[in-house]
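Reviewing the structure listed below.
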Amino acid sequence: MKNQTVYVIDDDEAVRDSIKELLESVKLNTQVFDSAISFVDAFSSDIYGCIVVDIRMAKMSGFGLQEHLKEQGITIPIIFITGHGDVDMAVRALKSGAVDFIQKPYHDQNLLESINNALALNDQDEELTEQEVTMEKYIEQLTLREHEVMDLLSQGDTNKVIGKKLNISPRTVEVHRQHILQKCKVKSITQLMYRLK
Amino acid sequence: MNDSKSKQHQTPQTIYVVDQDVSLCERISALYEGSSLYIVESYACAEDFLSQSEFATGCLIVSIEMPGMTTMNLIHKLKAQGLKMPTIVLGEKDDLPQAVKVMQAGVLDFITKPFTNQRLKISIGNILPSIS
């Protein structure tokens with residue numbers, strides 16, 4: 001959560017102030033804007049954190065902002081808040097990548113939780129990328145035979161079936177399996193597959 | 001890659017429908033009657049759906065209103081099993097937080113009842129494009 005900022009965009013001053021107060025009370029960095037345009041004017045690509053934005057604003061709406069950011073190739077979690085939403089709009093928002101859609105009036109606690117979840121996503125992304133790189137290095141250490149065994153294990157084949165396919169004993173397959181788990185530092189093939197996806 | 005010859009041997013994909021409303025299940029079945037690309041299989045509740053030993057490739061259409069296991073629990077169970085099952089939820093217009101929760105869980109569409117056949121078909125077409 002370090003160095004992350006919550007960017008709050010709402011044309012209603014009372015809402016901006018109230019959210020700012022709420023976030024500052026829990027020591028979250030906050031910046032407020034009265035329109036999507038003023039936010040876009042203030043920033044280029046060095047935004048880090050999440051955006052809380054009203055759907056319905058003059059000139060550029062919340063959806064418009066989301067589109068704009070996508071076009072710029074900027075990925076940042078977006079939470080929509082609105083006094084006017086319906087289910088179809090919420091579904092549309094989530095399909096287009098928003099992480100949450102909250103109706104006004106909202107409970108402070110719900111908004112906070114949503115914001116914290118969004119900020120945590122950024123941390124997770126960083127962790128995941130590191131994990132991916134490490135796993136690739138481990139995979140490179142596998143022998144050709146271990147690769148073959150790993151591929152068949154990932155399909156769900158048993159040691160017996162793999163043994164038949166590769167013309168080796170199930171016992172040997174098991175030995176390879178243990179080596180794969182050791183080299184990749186995982187406890188199971190399922191875990192390995194999950195990390196590789 | 002795939003050439004036009006392999007089109008002759010496409011395995012149909014299965015559209016699983018889980019809804020206690022029998023007429024809805026029948027309605028969806030009727031939509032795909034005679035289709036060589038899709039088979040529809042209906043179940044009245046999550047438990048029945050889950051009791052299969054094997055799942056064919058396809059998608060799941062499930063109602064938000066279910067006896068027994070809830071829709072959210074079903075979704076989580078499928079995820080935990082690592083099963084690839086693109087899902088559409090059929091729900092009510094008046095429960096926005098529920099719709100959001102369901103979408104956040106990874107469901108690909110949430111269609112409010114009552115819905116048109118076209119709405120459903122388009123959604124299914126988006127998540128299960130026919131192999132070309």
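The values are calculated or read from the model by the stated rules, or taken from the named source; none is laboratory data. Quantities reported herein were computed from a predicted structural model and do not represent experimental measurements. Virtual Cβ from ideal backbone geometry, glycine too; neighbours counted across all protein chains shown.
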Exercise. Of the residues A:V87, A:V53, A:V40, A:V32, which is in contact with a His (Cβ under 9 Å, 6 or more places away or on another chain) and crowded, with 17+ Cβ neighbours inside 10 Å?
Worked result: A:V40
Problem set entry | Subset of region B:80-93 [under 26 Å from B:R119 (Cα atoms) and either within 14 Å of chain A (Cβ to nearest Cβ) or modelled with pLDDT of 95 or more (or both)] | B:L83, B:K84, B:P86, B:T87, B:I88, B:V89, B:L90, B:G91, B:E92, B:K93
Exercise. If you check A:M135 against the conditions, is it in contact (Cβ under 8 Å) with a residue 40 or more places away in the chain and out of contact with any His (no Cβ under 9 Å at 6 or more places or on another chain)?
Worked result: yes
Exercise. Name the residues in region A:182-197 that are away from chain B (no Cβ under 14 Å), crowded, with 17+ Cβ neighbours inside 10 Å and free of Cβ contacts under 8 Å to residues at least 40 places away in the same chain, would you?
Worked result: A:V186
Exercise. Could you say which residue among B:L96, B:L83, B:L37 is on the phi < 0 side of the Ramachandran plot and buried (at least 16 other Cβ atoms within 10 Å of the Cβ)?
Worked result: B:L96
Exercise. For region B:64-99, how many residues meet the condition of being in a loop (DSSP other than H, G, I, E, B) and farther than 23 Å from A:I102 by Cβ?
Worked result: 11
For this session: List every residue pair whose Cβ atoms lie under 8 Å apart, where the two residues are 6 or more positions apart in sequence or sit on different chains, the first residue falls within region B:42-55 and is in contact (Cβ under 8 Å) with a residue 24 or more places away in the chain, and the second residue, located anywhere, is part of a helix (DSSP H, G or I) and among the polar types (S, T, N, Q).
Result: B:S42/B:S29; B:A46/B:T71; B:A46/B:N73
Exercise. In this structure, is A:F80 within 22 Å of A:F43 (Cα to Cα) and at pLDDT 95 or above?
Worked result: yes
Problem set entry | Pick from region A:96-130, criterion under 16 Å from A:G62 (Cα atoms) and surrounded by 14 or more Cβ atoms within 10 Å (Cβ to Cβ), ranking: farthest from the other protein chains (Cβ to nearest Cβ) | A:K104
Exercise. Scanning for something hydrophobic (A, V, I, L, M, F, W, C) and in contact with a Lys or Arg (Cβ under 9 Å, 6 or more places away or on another chain), does region A:52-59 turn up at least one residue?
Worked result: no
